[in-house]
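The values are calculated or read from the model by the stated rules, or taken from the named source; none is laboratory data. Not measured: the values here are computed from a predicted model. Positions of Cβ are generated from backbone atoms using ideal geometry, with glycine treated the same way; all protein chains shown enter the neighbour counts.
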Amino acid sequence: MTTSAFVGPPATSGTPFDGPDTVDWAAATPDAPQPHAELGLADDEYERIRQILGRRPTQSELAMYSIMWSEHCSYKSSKVHLRQFGEKAPHSDRLLAGIGENAGVVRISDQVAVTFKVESHNHPSFVEPYQGAATGVGGIVRDILAMGARPIAVMDPLRFGAADHPDTARVLPGVVGGVGGYGNCLGLPNIGGELVFDPCYQGNPLLNALCVGVLPVDRLQNKAAAGPGNVVVLIGAKTGRDGIGGVSVLASATFDSGSEARRPSVQVGDPFTEKLLIEACLEIYDAGLVVGIQDLGGAGLTCALTETSAAAGTGMVVDLERVPLREASMDPHEVLASESQERMLLIVEPAKLNAVLAICAKWGVLATAIGQVTPPENGVPGRLIVNWKGQTVVDVPPGSLADDGPVYARPMREPNDRWLLQADRAETLPRPADSELRDTLLRLLASPNLCDKSWVTEQYDRYVLGNTVLAQPEDAGVLRIDPQSGLGIALSVDGNGRYTRLDPYQGARLALAEAFRNVAATGATPVAVTNCLNFGSPEDPGVMWQFAEAVRGLADGCLELGIPVTGGNVSFYNQTGTVPINPTPIVGVLGVLDNVAERIPMGFANRGDTIILLGDTRDELSGSEWANVVHNHLGGHPPVVDLDGERRLAAVIANARLTSAHDLSEGGLAQALAESCLRKGIGARVELLSGQSAFVQLFSESAGRILVSVPAGAEDDLLALASAHGVPATPLGTVGGTGLVVDGLFDIPLDELREAYTSTLPDLFGRGEQTEPDYVPPPPVVATPAEPEPVAVAPVDAEVVPEPHVARPADLGGPPPAAATPPAASPPPAAPAAEGATDE
C-alpha cells in the first residue's frame, strides 16, 4: 500500500469540499464512496465499521481503522493460535508483565527487573535498508523504555537472500549500517544476533531486533490512560509525512514489482533525539510524574491514543492541531497515521504537568499537551474524540480499534509437497570419504552461514557502557546488571527456517532448544522467552498450517521447559509474489547469572585441558548445512529434539567446573571444534569414536549437545555429574598445539582454519575500513515552520519557552544540559462532554 491511498473525500451532491471530512459531514453524506479496499479493508470489515459508528467513517476514522485492523496491528489471523502461549504458560514467580504489554518484564532479584522483547522490521528494511533497520532498532528500544526501563543492549537476528546475489549486496550493507548507526549513537552495545543467507529470503530479508532494559521493580510503568481530567502529552520529535502508512501497511502486504514505490512509507530515524527522549522519560519516571505512557511506533498516534484509552476504559478529547508538525500542510488523517519516530505519549496529572514540561525542556525534548482524558459514560467506556481546528474529525469507541478488531480462523492445510519433502532424506546423499573430510570441513567453515561474522559485528559497538561480559561470537550475550553482587543476565536469539520448513512443530521446538542451550552454555539459568514469528501470507492455507504448528510447538516446548513466553511479534506476508519464505520463528531466551565472574566462555583457553562432548550424536543430516552447502539440498526430517534432555544438560553445565562450553548446532562437531580453537588461538587434538562414521560424528547436527573443556584432573567429576543427570559424555581429546588435529584423519593449522573462516564476508561485501553502505541515508524531512516552535508547549496560551541549546556529541556522554524552567501553566480547559455524558 502506498501513501497515495490516503486521499481526501470526494465531492458530494455537487458541493465542492473545502476542509476536513468531519463527523457531521460523514453523517450527512452516508453514500460517499470511500477507498476502503485500497486501504486493505475487506468489504465486510468496512460494513462492520459503519455498524460500530452508525454512519460512514470520516477520512481520518477510515485511516485509523485501516491501520489498527491491519494484520500487523490487530493480529487478526494469529490471535486464535497465540492464545496457547497464555493457556499453556507455566507458572513463574519472576514474571511481572507479560503478553499484551509493550514488553515482558521479569524479576531477577528482589529489587531489580529486566524487560526484553524481539520485533520485526522486515519490509521497511527491504524498501529502504538503512532507515528500515535503524527505525526497527529505535522502535524496539522505545517499547522497552515504555515499561519504565533503561535500555541497556540490543541484538539483531538478520536473514538475507543468497550471499552472492546482487540485491543482497544492496540490502545487507544498508541494514547493517542502520542497525549499527542507530544503536551506536544511542550508546547501546549490540551483544549478539544471527546472520543467515538463504535464497528463500531473496526480495524479503528479515530484520528482527531485540532490546533488553533494566528497571527497579517499583518503577514498572503501564499504558492505561487512567484518571479523567488528566492531560495527554505528546513528547519527542515533530510529526511528519515520513512513515505515513509505514510498518502497519508494509507489514500487511506482500512484495511485488511495485515495492520500490513504497519508499516514502519508511520511517526516518534520529537516534540523537531518541537518546534525549530516553533520558527525559527516565527522569520523569523517577520523579513519579506519569500515570501512563505509550510509545508511538506502528500506527503512530492512532495506536497510542486508542490503546491507552482502551486500556483504562476511558475516553479522550484531543486537539490534533496542537501536534507539532514538520510540514504545516499536513491533514488530520496524515497526522494520525504518521509513524514518525522518537515520540512518546504521556498521561499526566494536571498538577504535575509543569514538572513534566520542565524536564522535557531540560533535555531539549519537545513536549505538547494535546488533550485530556474523559470519563466513561454511564458505565460504558469513553469515546475518543479528535478535533481539528474546532471541527470533530474522529468520534469512535477506542476499544473498537485497539481490542475489537476482526479475528479470523483462517483455512489451514498441510503444504502439498510436505510428504515428498520429508521423504527426500539428506541421510541418503553421497558422503565424503575419510580422505575428503579435511576439505569438507574447510568448505563448510568458509560457507556464508558458518563463516566468521566479524565483518558485521565490528560495525557495532559491543562494549559501550562497560557492562558487556560476553558478546558475539559467544553462544550468548552476557551483561552485568549489578556491579556489587555480579548479578547478570544472558541472552540468545536463534531460529532455523530450514528445519521449520521440514517440520514446523519440531522446527519451532528446535529454535527454542538452541536458544535455551546457548544461554545455559554460559552458566546462566534460562527463565523467560520472547519470539518473533516470520511467515508468509496468512491467506495461504499452507502458510497458516505452518504457523499454527510452529506456535503449538513453541507453546508446548515452553511448557516442557518451564519458562513462559513473555511477549513477541508476528510478521506475516513475508513473501515475494506467491512464494513465501521458509517459516522462520525466531526465539529469544533470557537467563540469569548470579555472578557474571563465573560465566563460561566458548573458546579453548588452557593448554592441557580435556575436551568432552556432552550429549548424544545420531545420524541426523536432513536440513543440515552440509546438505545445503555441498548438495544444495533440503529434505527429510529435522533432528530430534528432547527438551527434558536439554534441561538435564543445562543442569550439568550449571554445576560443573568448566573452562569453556560451546553448543553444537549448524555445522556440528567440526564447526564447534574449529570455532573453539579460533576463539583464543589455541589448537586441539581429538580422537573420534571407533566403529562409528567419522563423517557423522563431525557433521551431524543432532540437538542437545555441548562441547566443553575441563581442567586436567577434573574429568572424572564431570563424567560422574553427567552420568547422574543421564547425559551422555564422551572424552574426545586435549586442548593445545597450533592446529586442529583429528587423529587418523587430518591436521589443519590454525592459520589455514582462520583464513577459511574469516575471508568469506570481506570477499563478498568489501575489505578495509569502509564497510558503510555506498549511499548516504536520507535525512529527516523538516519543513521550516512559519513561527518558531517552543520546546515545551503548555495547554493554554502561556509564554513561549525558547528552545535551549543542546550539544549533541556522538556519545552523548557529557553532563545533561542545564534545566529550563517553563512558566507556570494554568490547568487545561475542561473537555467538552460528549453527547449524553454527565459530569462525575
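List every residue pair whose Cβ atoms sit under 9 Å apart, with the two residues 6 or more apart in sequence or on different chains, where the first one lies in the range 684-695 and is more than 14 Å from residue 739 (Cα to Cα) and the second, anywhere, is of a type in the set (Lys, Arg) and surrounded by 12 or more Cβ atoms within 10 Å (Cβ to Cβ).
From residues that are more than 14 Å from residue 739 (Cα to Cα), the pairs are 693/431; 695/431.
With the structure loaded, tell me whether residue 127 is modelled with pLDDT of 95 or more and either out of contact with any His (no Cβ under 7 Å at 6 or more places or on another chain) or surrounded by fewer than 17 Cβ atoms within 10 Å (Cβ to Cβ) (or both) or whether it fails that test.
no
Is it the case that some residue within the range 148-165 is within 20 Å of the chain's Cα centre (by Cα), surrounded by fewer than 24 Cβ atoms within 10 Å (Cβ to Cβ), among the basic types (Lys, Arg) and closer than 30 Å to residue 467 by Cα?
Within the range 148-165, one or more residues are within 20 Å of the chain's Cα centre (by Cα), surrounded by fewer than 24 Cβ atoms within 10 Å (Cβ to Cβ), among the basic types (Lys, Arg) and closer than 30 Å to residue 467 by Cα.
Give 101, 47, 61 a once-over and let me know the one that is out of contact with any Pro (no Cβ under 7 Å at 6 or more places or on another chain), surrounded by fewer than 18 Cβ atoms within 10 Å (Cβ to Cβ) and either of a type outside the set (A, V, I, L, M, F, W, C) or under 25 Å from residue 494 (Cβ atoms) (or both).
47
Inspect all residues belonging to the range 69-76 and state whether any of them is crowded, with 18+ Cβ neighbours inside 10 Å and either aliphatic (A, V, I, L, M) or over 19 Å from residue 306 (Cα atoms) (or both).
Scanning the range 69-76, I find no residue that is crowded, with 18+ Cβ neighbours inside 10 Å and either aliphatic (A, V, I, L, M) or over 19 Å from residue 306 (Cα atoms) (or both), so the answer is no.
Only one of these conditions is not met by residue 152: (1) in a loop (DSSP other than H, G, I, E, B); (2) at pLDDT 95 or above; (3) closer than 24 Å to residue 344 by Cβ; (4) not basic (Lys, Arg). Which number is it?
Only one criterion in (1) in a loop (DSSP other than H, G, I, E, B); (2) at pLDDT 95 or above; (3) closer than 24 Å to residue 344 by Cβ; (4) not basic (Lys, Arg) is unmet by residue 152, namely (1).
(1) surrounded by 24 or more Cβ atoms within 10 Å (Cβ to Cβ); (2) assigned to a helix (DSSP H, G or I): which one isn't true of residue 293, the others all being true?
Of (1) surrounded by 24 or more Cβ atoms within 10 Å (Cβ to Cβ); (2) assigned to a helix (DSSP H, G or I), only one is false for residue 293: (2).
Quick grid of which residues meet (1) within 16 Å of residue 85 (Cβ to Cβ); (2) buried (at least 24 other Cβ atoms within 10 Å of the Cβ):
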| residue | (1), (2) |
| --- | --- |
| 526 | no, yes |
| 530 | yes, yes |
| 537 | no, no |
| 540 | no, no |
| 558 | yes, yes |
| 564 | yes, yes |
| 574 | no, yes |
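Which residue, of 187, 246, 183, is among the small types (Gly, Ala, Ser), at pLDDT below 95 and closer than 19 Å to residue 141 by Cα?
On inspection, the qualifying residue turns out to be 246.
Starting from residues that are within 25 Å of the chain's Cα centre (by Cα) and of a type in the set (Gly, Ala, Ser), keep the ones in the range 578-611 and report whichever is surrounded by the fewest Cβ atoms within 10 Å (Cβ to Cβ).
Once the filter is applied, the top-ranked residue is 591.
Please verify whether residue 655 is closer than 25 Å to residue 482 by Cβ and either surrounded by fewer than 18 Cβ atoms within 10 Å (Cβ to Cβ) or more than 29 Å from the chain's Cα centre (by Cα) (or both), treating the condition exactly as stated.
In short, yes.
Considering each of 452, 404 in turn, give the residue that is modelled with pLDDT under 95 and among the acidic types (Asp, Glu).
Sole residue among the options that is modelled with pLDDT under 95 and among the acidic types (Asp, Glu): 404.
Residue 323 - would you say it is modelled with pLDDT of 95 or more and out of contact with any helix residue (DSSP H, G or I) (no Cβ under 6 Å at 6 or more places or on another chain)?
In short, no.
Here is a check on your reading of the model: is residue 453 in contact with a Leu (Cβ under 7 Å, 6 or more places away or on another chain), more than 30 Å from residue 184 (Cα to Cα) and not aliphatic (A, V, I, L, M)?
So residue 453 fails the test.
Give the residue that is farthest from residue 241 (Cα to Cα), with candidates limited to residues of the range 308-347 that are part of a loop (DSSP other than H, G, I, E, B) and charged (D, E, K, R).
342
Between a first residue in the range 159-182 that is free of Cβ contacts under 8 Å to residues at least 60 places away in the same chain and a second residue that is acidic (Asp, Glu) and surrounded by fewer than 24 Cβ atoms within 10 Å (Cβ to Cβ), which pairs have beta carbons less than 9 Å apart while being 6 or more apart in sequence or on different chains?
160/167; 160/198; 161/167; 161/198; 162/198
For the range 492-579, which fully contained helices (runs of 4 or more DSSP H) count at least 3 residues that are acidic (Asp, Glu)?
541-561
Going by the structure shown, is residue 188 assigned to a loop (DSSP other than H, G, I, E, B) and either among the charged types (D, E, K, R) or more than 13 Å from the chain's Cα centre (by Cα) (or both)?
yes
Here are 400, 447: which of them is more than 25 Å from the chain's Cα centre (by Cα) and closer than 30 Å to residue 100 by Cβ?
One residue alone meets the criteria, 400.
Looking at 737, 733, 691, which one is farther than 17 Å from residue 609 by Cα and either of a type outside the set (Phe, Trp, Tyr) or in contact with a His (Cβ under 6 Å, 6 or more places away or on another chain) (or both)?
Within the list 737, 733, 691, the selection yields 691.
Out of everything in the range 17-38 that is in contact (Cβ under 8 Å) with a residue 60 or more places away in the chain and under 16 Å from residue 333 (Cβ atoms), what residue ends up being surrounded by the fewest Cβ atoms within 10 Å (Cβ to Cβ)?
The residue in question is 19.
Between a residue in the range 265-294 that is farther than 30 Å from residue 123 by Cα and any residue that is surrounded by fewer than 24 Cβ atoms within 10 Å (Cβ to Cβ) and of a type in the set (Asp, Glu), which pairs come within a Cβ distance under 9 Å, given they are 6 or more apart or on different chains?
289/283; 289/349; 290/349; 291/349
What number of residues in the range 260-293 are modelled with pLDDT under 95 and either small (Gly, Ala, Ser) or out of contact with any Leu (no Cβ under 8 Å at 6 or more places or on another chain) (or both)?
9
The rows are residues; the columns are (1) over 30 Å from residue 759 (Cβ atoms); (2) in contact with a Ser or Thr (Cβ under 9 Å, 6 or more places away or on another chain); (3) of a type outside the set (A, V, I, L, M, F, W, C).
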| site | (1), (2), (3) |
| --- | --- |
| 406 | yes, yes, yes |
| 428 | yes, no, yes |
| 433 | no, no, no |
| 448 | no, yes, yes |
| 473 | no, yes, yes |
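What number of residues in the range 650-663 are aliphatic (A, V, I, L, M), closer than 30 Å to residue 498 by Cα and out of contact with any Leu (no Cβ under 6 Å at 6 or more places or on another chain)?
Of the residues in the range 650-663, 4 are aliphatic (A, V, I, L, M), closer than 30 Å to residue 498 by Cα and out of contact with any Leu (no Cβ under 6 Å at 6 or more places or on another chain).
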